Amino acid sequence: MQRPRTTDLIRFSEALEILHADVEPATLFDRLSEATAHAIVAETACFDGFSPEGRIGHLGSFPEDTFMAATFPLLQQLLTQHPLFAEIFEHRRREPLRTSDFCRMPQFFRTALFNEFYRPVSLTHQLIVGFDVPGHGLITSALNRRHRDFSESERTVMSLLVPHFRTAVRHARTVAALRRPAAGKAVTLVPDPNLTRRELTVLGLLGQGLSDKEISRRCGISPRTVQNHLQNIYAKLGVTGRTAAVSWSLRLPA
């Protein structure tokens with residue numbers, strides 16, 4: 001890989017400050033996304049998790065809510081069309097990879113995956129790295145750009161970030177575990193590292209019995225945005241409704 005430029009290393013150092021500025025599990029993957037997008041300038045950055053069964057979970061992004069959870073069943077359906085699918089999931093390559101390294105871009109632009117998932121948000125080029133965290137499974141970090149590819153130097157910076165990704169995830173899991181209530185103690189909402197700060201706020205208000213309209217008023221957002229947050233929450237927690245979401249967070253039977 002190409003040696004990073006001085007400017008790349010400066011941005012890398014600044015990104016580490018963002019990444020390690022907090023250990024709050026609730027904001028972990030949004031913070032990782034922001035740090036990655038700062039280190040390697042891109043329109044968006046996102047983190048996704050994959051279960052052993054192949055289920056996709058959207059973990060966080062920068063800017064926040066770049067991708068809606070409601071679109072992820074479509075992504076899962078079309079994922080095998082991605083030029084990097086075989087490299088990351090079948091060959092288990094764990095170095096940063098560019099879409100353009102494995103596919104002519106005009107060919108990618110003709111796929112249903114591009115036209116139905118990426119084209120609506122005007123994203124064309126990607127730099128993706130997959131990494132494994134014990135107890136958390138496979139996680140991917142993806143940088144997305146419009147009409148501009150990633151350089152070899154930027155690929156090197158991405159590889160330098162991966163050990164910090166793993167460390168941050170382990171620390172967040174430890175913090176979340178320490179916050180879980182001991183047996184016999186009062187049960188309170190436990191932040192989940194998969195939820196964004198805004199989603200935790202919405203979930204907390206949901207747990208207080210507030211309606212969508214009341215939540216929108218409290219948060220200063222539209223009822224439709226509240227619905228989007230709720231759909232993201234349900235998808236991330238693997239539940240189907242309001243009661244199940246609150247019960248999951250309270251660690252009570254749904």
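Residues in the stretch 1-29 that are touching a residue at least 40 places away in the same chain (Cβ under 8 Å) and either under 15 Å from Thr167 (Cα atoms) or in contact with a Lys or Arg (Cβ under 7 Å, 6 or more places away or on another chain) (or both): Met1, Ala15, Leu16, Leu19, His20, Val23, Glu24, Pro25, Ala26, Thr27, Leu28, Phe29.
Among the residues of the stretch 217-228, those that are part of a helix (DSSP H, G or I), within 24 Å of the chain's Cα centre (by Cα) and free of Cβ contacts under 8 Å to residues at least 12 places away in the same chain comprise Pro223, Arg224, Thr225.
For the criterion of being over 22 Å from Ser159 (Cα atoms), in the same structural domain as His147 (by TED's automatic domain parsing) and at pLDDT below 90, Phe67 passes. May I ask you to list the residues in the stretch 123-157 that are assigned to a strand (DSSP E or B) and not aliphatic (A, V, I, L, M)? Across the stretch 123-157, the qualifying residues are His125, Gln126, Gly130, Phe131, Asp132, Gly137, Thr140, Ser141, Asn144, Arg145. In the stretch 28-44, which residues are closer than 15 Å to Ser159 by Cβ and outside any helix (DSSP H, G or I)? Selection gives Ile40 alone. If the condition is being buried (at least 16 other Cβ atoms within 10 Å of the Cβ) and β-branched (Val, Ile, Thr), then the stretch 14-44 contributes Ile18, Thr27, Thr36, Ile40, Thr44.
This table checks each residue for (1) in contact with a helix residue (DSSP H, G or I) (Cβ under 7 Å, 6 or more places away or on another chain); (2) loosely packed, with under 14 Cβ neighbours inside 10 Å; (3) at positive phi.
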residue: Phe108; (1), (2), (3): yes, no, no
residue: Pro120; (1), (2), (3): no, yes, no
residue: Leu123; (1), (2), (3): no, no, no
residue: Arg145; (1), (2), (3): no, no, no
residue: Ser153; (1), (2), (3): yes, no, no
residue: Thr156; (1), (2), (3): no, no, no
residue: His164; (1), (2), (3): yes, no, no
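Within the set Ala182, Ala186, Ala244, the sole residue that is part of a helix (DSSP H, G or I), at pLDDT below 80 and of a type in the set (Gly, Ala, Ser) turns out to be Ala244. Only a single item in (1) surrounded by 16 or more Cβ atoms within 10 Å (Cβ to Cβ); (2) more than 26 Å from Phe12 (Cβ to Cβ); (3) modelled with pLDDT under 90; (4) not basic (Lys, Arg) is not met by Gly54, and it is number (1). The condition of being at pLDDT 85 or above, among the aromatic types (Phe, Trp, Tyr) and assigned to a strand (DSSP E or B) holds for Phe47. Scanning the stretch 147-172 for residues that are touching a residue at least 12 places away in the same chain (Cβ under 8 Å) and β-branched (Val, Ile, Thr) returns Thr156, Val157, Val162, Val169. Taking the stretch 65-122 as the range and being part of a helix (DSSP H, G or I), under 18 Å from Phe150 (Cβ atoms) and touching a Phe, Trp or Tyr at 6+ places or on another chain (Cβ under 8 Å) as the test, the residues that pass are Glu87, Thr99, Phe108, Phe114, Val121. For the stretch 198-216, the condition holds for at least one residue, the condition being that it is modelled with pLDDT of 85 or more, more than 23 Å from Val23 (Cβ to Cβ) and assigned to a helix (DSSP H, G or I).
Among the residues of the stretch 7-27, those that are in a helix (DSSP H, G or I) and either touching a Phe, Trp or Tyr at 6+ places or on another chain (Cβ under 9 Å) or over 16 Å from His38 (Cβ atoms) (or both) comprise Leu19, Pro25, Ala26. Counting only residues that are among the hydrophobic types (A, V, I, L, M, F, W, C), under 12 Å from Val157 (Cα atoms) and modelled with pLDDT of 85 or more, the stretch 1-27 holds 5 of them.
The values are calculated or read from the model by the stated rules, or taken from the named source; none is laboratory data. These numbers come from a predicted model, not from an experiment. Don't worry about glycine lacking a Cβ; one is built from the backbone with ideal geometry, like all the others, and counts go over all protein chains shown.
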